[in-house]
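Following: one structure in structure tokens, then a few remarks.
Read the figures in this text as sums done on the coordinates, not as results from a lab. Just so we're clear, the structure is a prediction, and the values are computed from it rather than from any experiment. Glycine gets a Cβ as well: all are built from the backbone with ideal geometry, and neighbour counts include every protein chain shown.
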Amino acid sequence: MARREFLGQFARGGLVIGAALAAGGIDSVAASAADATAKLEPRGAETLQDLTQKLAAAARVRSFKHVPMILTDAGQWDDEALKLVISYQGHGKQVWDNTDIASPWLNLMRNSLNAQVWSFKQPNFLCASATHGTAHLALYDAYIWEKYSIPKVLKGKYRTNIFLDIPKAVAGKNPADFNDPTGLFSPDANCIPLLMQRGVVFLACHNAIWEFSGKLIKGGRNPDHLSHEALAAELTNHLIAGAILTPGIVATLPMLEAAGFAYAK
């Protein structure tokens with residue numbers, strides 16, 4: 001099973017964990033799905049679960065040939081999914097303005113989610129990542145990381161997109177034990193797939209895509225000699241499964257705040 005397909009399982013709400021993860025990675029996990037499955041959305045989160053299911057079914061176009069600098073038609077971004085997020089009616093919702101891939105951005109969202117769910121008893125709390133800047137690089141799949149030498153772009157700080165890797169340390173952990181200091185809700189579980197499984201939504205940014213594609217061209221990292229419009233389209237087509245493309249994060253933030261999302265940085 002390819003990583004992109006595996007991440008799609010998280011976006012659809014089917015997390016597979018346990019001994020298979022420790023033993024053999026993604027293929028073993030898929031083979032053991034019937035024996036070791038767990039959902040990480042909290043009990044009583046019916047509204048959040050309903051959103052997760054609707055987002056999984058929402059249309060996402062990932063077959064663009066060219067995209068312009070400024071998007072002018074709702075068909076150019078994930079309009080249906082974005083509207084579902086903006087109109088979410090669950091109690092408690094927060095949007096994180098995430099720009100720095102090297103910052104503790106995943107950890108902060110995990111901490112917020114933990115306190116909302118178990119301290120303040122808000123199982124339907126929705127946490128959204130408004131992802132742009134270098135943090136947006138975490139929303140590209142392995143193909144893009146390899147083809148465009150993203151580790152070199154990040155000056156060797158990350159050899160691969162570790163933000164998509166589920167730490168083996170959490171394999172076999174009991175999701176009912178939320179206070180396990182090395183469990184599924186601990187700092188050991190800071191990764192995009194596990195946060196997605198808890199209902200966190202990751203918003204992607206067209207402006208970040210456009211500007212990064214321009215930097216790749218200027219930096220000589222354009223092996224297929226694509227036009228700016230075509231390179232931006234390729235990056236868009238390789239966003240991770242479950243990501244929600246917006247026409248621009250800085251323009252989407254006020255829409256979310258107007259809908260009642262608390263802003264966090």
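Structure summary
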{"item": "Within region 91-127, tally of residues that are assigned to a loop (DSSP other than H, G, I, E, B), farther than 30 Å from K157 by Cα and of a type outside the set (F, W, Y)", "result": "6"}
{"item": "Evaluation of K93 against (1) surrounded by 19 or more Cβ atoms within 10 Å (Cβ to Cβ); (2) touching a helix residue (DSSP H, G or I) at 6+ places or on another chain (Cβ under 7 Å) (one fails), failing number", "result": "(2)"}
{"item": "Any hit, region 140-161, residues being within 20 Å of P187 (Cβ to Cβ), surrounded by fewer than 17 Cβ atoms within 10 Å (Cβ to Cβ) and in contact (Cβ under 8 Å) with a residue 40 or more places away in the chain", "result": "yes"}
{"item": "Any helices (runs of 4 or more DSSP H) falling wholly within region 169-265 and containing at least 3 residues that are free of Cβ contacts under 8 Å to residues at least 12 places away in the same chain and crowded, with 23+ Cβ neighbours inside 10 Å", "result": "none"}
{"item": "Enumeration of residues in region 144-193 that are hydroxyl-bearing (S, T, Y) and within 30 Å of F212 (Cα to Cα)", "result": "Y148, S149, Y158, T160"}
{"item": "Among residues of region 155-187, those that are under 30 Å from L216 (Cβ atoms), in contact with a helix residue (DSSP H, G or I) (Cβ under 7 Å, 6 or more places away or on another chain) and of a type in the set (A, V, I, L, M, F, W, C), counted", "result": "3"}
{"item": "Residue within region 76-87 that is under 30 Å from W210 (Cα atoms), surrounded by 15 or more Cβ atoms within 10 Å (Cβ to Cβ) and either of a type in the set (G, A, S) or in contact with an Asp or Glu (Cβ under 6 Å, 6 or more places away or on another chain) (or both) present", "result": "yes"}
{"item": "Of residues in region 96-123 being among the aromatic types (F, W, Y) and more than 26 Å from I209 (Cα to Cα), the one surrounded by the fewest Cβ atoms within 10 Å (Cβ to Cβ)", "result": "F120"}
{"item": "First in region 70-95 and more than 15 Å from A251 (Cβ to Cβ), second anywhere and assigned to a loop (DSSP other than H, G, I, E, B) and of a type in the set (D, E, K, R), Cβ under 9 Å, 6 or more apart", "result": "E80/R60; A81/R60"}
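The rows are residues; the columns are (1) of a type in the set (D, E, K, R); (2) under 17 Å from the mean Cα position of the chain (by Cα).
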{"site": "V153", "(1), (2)": "no, no"}
{"site": "R159", "(1), (2)": "yes, no"}
{"site": "H206", "(1), (2)": "no, yes"}
{"site": "G219", "(1), (2)": "no, no"}
{"site": "E234", "(1), (2)": "yes, no"}
{"site": "L245", "(1), (2)": "no, yes"}
{"site": "I249", "(1), (2)": "no, yes"}
